[in-house]
There are 2 protein chains.
Amino acid sequence: MTDPHSEKHQPPHLDDFLCFALYKAHHAMNRFYKPLLGELGLTYPQYLVLMALWEQDDQSVGQLGELLHLESNTLTPLLKRLESAGLVRRRRTANDERQVQVSLMPEGRELKQKSWDVAACLFETIGMSREEIGTLVEDLNGVTGAVVAGRGR
Amino acid sequence: MTDPHSEKHQPPHLDDFLCFALYKAHHAMNRFYKPLLGELGLTYPQYLVLMALWEQDDQSVGQLGELLHLESNTLTPLLKRLESAGLVRRRRTANDERQVQVSLMPEGRELKQKSWDVAACLFETIGMSREEIGTLVEDLNGVTGAVVAGRGR
DNA sequence: TGCGATTAAATCGTGTGCGATTAAATTTCT
DNA sequence: AGAAATTTAATCGCACACGATTTAATCGCA
């Protein structure tokens, strides 16, 4: 059994754990976005779903789930809320009645512009260059990839 | 209004957003930990609370909340579950009856050893050196700090 | 053709997270 | 000393997140 963080067999501090740093950063991001997105009537996961649709409209629940690493049990109620807010439309596809296709309504498409300010606000707040952010994103994606790949053992 | 991610006013891909990278990495970590911690009868947030107590026993709900960035509305039910599992004890302090002091029970203290393997397993899985992890943790904490500091505006 | 296997969403139950409010104890200030 | 302000947990309601199950549609294969 490998000692994960120190040469000595001495427990590291909580702050040294990668999982805890991720936990905190994710929470901080959540707390930062919440009031800004609240003005748009969105939650953070709803915002991510809309971002996915802005990039590629008309995706199935499964496609969205794969992109966002979410299952239908999470997405279905979330999408129903977006639908009842008039931002997206949910329809079963004609080809395959099992699939539900999610597409943007005009009101949902408009939010793209407003949400731009939110991302810009975060960018200003953290005060990092594009290169630094790019490197950090790559590192995080590397960790994500390794962890996801190493799961089924 | 600053364009956050590109010279051109062209929306970046979802994968370029730091918030999304964090979201994915945090979820990946969660999904990795869940089955391992499940064998110990713990959830991920419960594990973090225990880690905090292993490092410093006998903390108030407020202290734990400050460390983990959680409010009493989240901690109270979580701590009650840890208590009913026999891992911790909750008692109001004699000095100040408002505060609830949380301390480890023997069974909770024992889990420290077992949980060690979980951290070691993650360390092996991501396959990064201590230096790389340390740098990443520092970068993440930097982002967390900047975001938290920039909130009240 | 038709029946079992597979696939895609939806449903259910539990456990976070958090904004808002409440309740009780302590501190402050006159 | 005593009322008002403050502090600390707890409570309530809503929205994820996910394991497990269910339902409905499609596929595959004899």
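The values are calculated or read from the model by the stated rules, or taken from the named source; none is laboratory data. Since the structure is predicted, the reported quantities are computational estimates derived from the model, not experimental observations. Methodologically, a virtual Cβ is constructed for each residue, glycine included, from the backbone with ideal geometry; neighbour enumeration extends over all protein chains shown. Ligands, DNA and RNA are stripped out before the accessible areas are found, and what is left, the full protein with its side chains, is counted by its heavy atoms. Shrake-Rupley method; radii C 1.70, N 1.55, O 1.52, S 1.80 Å.
Remarks
Yes or no, residue by residue, for (1) at pLDDT 95 or above; (2) away from chain B (no Cβ under 11 Å); (3) touching a Leu at 6+ places or on another chain (Cβ under 9 Å); (4) loosely packed, with under 14 Cβ neighbours inside 10 Å:
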residue: A:ARG98; (1), (2), (3), (4): yes, yes, no, yes
residue: A:SER115; (1), (2), (3), (4): no, no, yes, no
residue: A:ILE126; (1), (2), (3), (4): no, no, yes, no
residue: A:GLY145; (1), (2), (3), (4): no, no, no, no
residue: A:VAL148; (1), (2), (3), (4): no, no, no, no
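- Boolean, B:LEU67 is closer than 27 Å to B:ASP139 by Cβ and either aliphatic (A, V, I, L, M) or modelled with pLDDT of 95 or more (or both): yes
- Screening region B:38-128 for helices (runs of 4 or more DSSP H) wholly inside it with 1 or more residues that are aromatic (Phe, Trp, Tyr) and within 14 Å of DNA strand D (Cβ to nearest atom) returns the ranges B:44-55.
- Residues satisfying the stated conditions in region B:60-91, i.e. touching a strand residue (DSSP E or B) at 6+ places or on another chain (Cβ under 7 Å) and either open to solvent by 20 Å² or more (accessible area, probe 1.4 Å) or within 14 Å of another protein chain (Cβ to nearest Cβ) (or both): B:VAL61, B:LEU64, B:GLU83, B:ARG89, B:ARG90, B:ARG91
- Residue among A:ALA94, A:ALA119, A:ALA52 that alone is aliphatic (A, V, I, L, M) and surrounded by fewer than 17 Cβ atoms within 10 Å (Cβ to Cβ): A:ALA94
One line per residue, one yes/no per condition, for (1) within 16 Å of DNA strand C (Cβ to nearest atom); (2) of a type in the set (D, E, K, R):
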{"residue": "B:GLN63", "(1), (2)": "yes, no"}
{"residue": "B:THR76", "(1), (2)": "yes, no"}
{"residue": "B:MET105", "(1), (2)": "no, no"}
{"residue": "B:LEU111", "(1), (2)": "yes, no"}
{"residue": "B:ILE126", "(1), (2)": "no, no"}
{"residue": "B:THR135", "(1), (2)": "no, no"}
{"residue": "B:GLU138", "(1), (2)": "no, yes"}
{"residue": "B:ASN141", "(1), (2)": "no, no"}
